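Peer 1: Here you go, one structure.
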Amino acid sequence: MPIWIRKTNKEKTENYHHLMKDDWDLTNNFEAFSDWIQSVDGTLDKKFDWVADISFSPRPNATGGGPVISFDLMKLCIKNNIEIYISEFNS
């Protein structure tokens with residue numbers, strides 16, 4: 001699953017694009033999402049609300065840390081009307 005980009009219009013949600021299908025590492029997934037949003041910046045249809053559903057599995061023996069959601073990424077999400085959902089799954 002790890003990242004589904006979805007578009008929503010009038011409460012109807014549709015899967016739009018699939019990224020990182022088998023990589024459950026949160027840092028890798030945020031890097032892939034950041035690369036993707038930069039590549040589509042300004043091209044997503046404004047009549048839709050957009051969601052990036054980023055799934056991950058906790059790292060074994062993790063004690064903290066993880067990816068940084070940069071200001072640049074946040075600005076791109078706002079500009080392109082994308083909300084980020086973070087979905088945790090057990091490995």
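Peer 1: How high is the relative contact order of the chain, in percent, with contacts defined as C-alpha pairs under 8 Å that are six or more residues apart? Intermediate values should be presented prior to the final figure.
Peer 2: Numbers: 146 pairs, mean separation 30.3, N = 91.
It rounds to 33 percent for the chain.
Peer 1: Further question: If I model a spin label at GLN38 and SER70 as a point 7 Å from the Cα along the Cα→Cβ vector, what separation in nanometres do I get?
Peer 2: 0.6
Peer 1: I've got another one for you. What do you get for the angle between helix 26-40 and the principal long axis of the chain? Use alpha-carbon atoms, 0 to 90 degrees, nearest ten.
Peer 2: Compared with the principal axis, the helix lies near 20 degrees.
Peer 1: On to the next question. For ASP25 and ASP45, what does the FRET efficiency come to when R0 = 35 Å and r is the distance between their Cβ atoms, rounded to the nearest 0.05? Don't skip to the end; give the middle numbers.
Peer 2: Numbers: r = 30 Å, r/R0 = 0.86.
That pair, ASP25 with ASP45, gives E of 0.70.
Peer 1: By DSSP, what percent of the beta bridges with both residues in the chain are antiparallel, rounded to the nearest 5? Please report the intermediate quantities before stating the final value.
Peer 2: Working: 13 of 20 bridges.
Of all bridge pairs located within the chain, approximately 65 percent are antiparallel.
Peer 1: For the charge dipole of segment 26-66, defined by +1 on Lys and Arg C-beta atoms and -1 on Asp and Glu C-beta atoms about the Cα centroid, which residue among GLY42, ASN28, GLY64 has the Cα displaced farthest towards the positive pole?
Peer 2: GLY64
Peer 1: To the nearest whole percent, what portion of all C-alpha pairs in the chain is separated by more than 15 angstrom? Present the calculation step by step, with values, prior to reporting the outcome.
Peer 2: Numbers: 2409 of 4095 pairs.
Value for the chain (Cα pairs over 15 Å): 59 percent.
Peer 1: Now for a different question. For segment 54-61, what does the Karplus curve 6.51 cos²θ - 1.76 cosθ + 1.60, with θ = phi - 60°, yield as ³J(HN,Hα) per residue in whole Hz, taken in order and with x for Gly and Pro?
Peer 2: Result, ordered by residue: 9, 9, 7, 10, x, 6, x, 6 Hz.
Peer 1: Suppose every K and R has +1 on its Cβ and every D and E has -1 on its Cβ; what is the size of the dipole of the chain about the Cα centre, in Debye to the nearest 20? If you can, show how the numbers build up before the last one.
Peer 2: Numbers: 10 positive and 14 negative charges, 67 e Å.
For the chain, the charge dipole is close to 320 debye.
Peer 1: If you take every residue apart from VAL51 with its C-beta less than 14 Å away from the C-beta of VAL51, what net charge results, scoring Lys and Arg +1 and Asp and Glu -1?
Peer 2: Working: positive: ARG6, LYS7, LYS12; negative: GLU11, GLU14, ASP45, ASP49, ASP53, GLU83.
With Lys, Arg at +1 and Asp, Glu at -1, the neighbours total -3.
Peer 1: When the Karplus curve 6.51 cos²θ - 1.76 cosθ + 1.60 is applied with θ = phi - 60°, which whole-Hz ³J(HN,Hα) does each residue of segment 43-48 get, with x for Gly and Pro?
Peer 2: Listing the rounded values in order: 9, 6, 4, 6, 6, 9 Hz.
FYI, it's all coordinate maths here, none of it is from the lab. Note that this is a predicted model, so its numbers are computed, not measured. Heads up, the Cβs are rebuilt from the backbone with ideal geometry, glycines too, and the neighbour counts pull from every protein chain shown.
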